[in-house]
């Protein structure tokens, strides 16, 4: 699978409940930022950028989320970003 196919697979299976949020977020950010083989490009790259940013800053640690002005995203933000990408790429 190329990088784009990997992220699409993760999105589909995360929505089915097959991945824990932390694992999903880590994998999405890792593929987008580090292991992109060039298949994530153009409009698709723009669509996935917000998800990758949200995933990269995801934390399920209550102490992280409770920090004043916390730079971390909670599960609600991760799910919202995932749904926006899903509605765009899985038409």
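The table for this structure:
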item: Residue match in region 54-67 (condition: in contact with a helix residue (DSSP H, G or I) (Cβ under 6 Å, 6 or more places away or on another chain) and closer than 12 Å to residue 8 by Cα); result: no
item: Residues being under 27 Å from residue 62 (Cβ atoms), in a helix (DSSP H, G or I) and over 11 Å from the mean Cα position of the chain (by Cα) - total across region 1-32; result: 2
item: Selection count, region 12-49, where residues are touching a residue at least 12 places away in the same chain (Cβ under 8 Å), under 13 Å from residue 79 (Cα atoms) and surrounded by fewer than 20 Cβ atoms within 10 Å (Cβ to Cβ); result: 4
item: Scan of region 33-51 for residues that are at negative phi, more than 10 Å from the chain's Cα centre (by Cα) and part of a helix (DSSP H, G or I), ordered by number; result: 33, 43, 44, 45, 46, 47
item: Hits in region 52-87 - residues which are crowded, with 17+ Cβ neighbours inside 10 Å, touching a strand residue (DSSP E or B) at 6+ places or on another chain (Cβ under 9 Å) and either in contact (Cβ under 8 Å) with a residue 40 or more places away in the chain or in a helix (DSSP H, G or I) (or both); result: 54, 55, 78, 81
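Read-outs throughout are calculated quantities, based only on the coordinates presented, and are distinct from any laboratory measurement. Treat the numbers as computed from the prediction; the structure is a model and nothing was measured. Ideal geometry is used to build each Cβ from the backbone, glycine not excepted, and the neighbour counts take in all protein chains shown.
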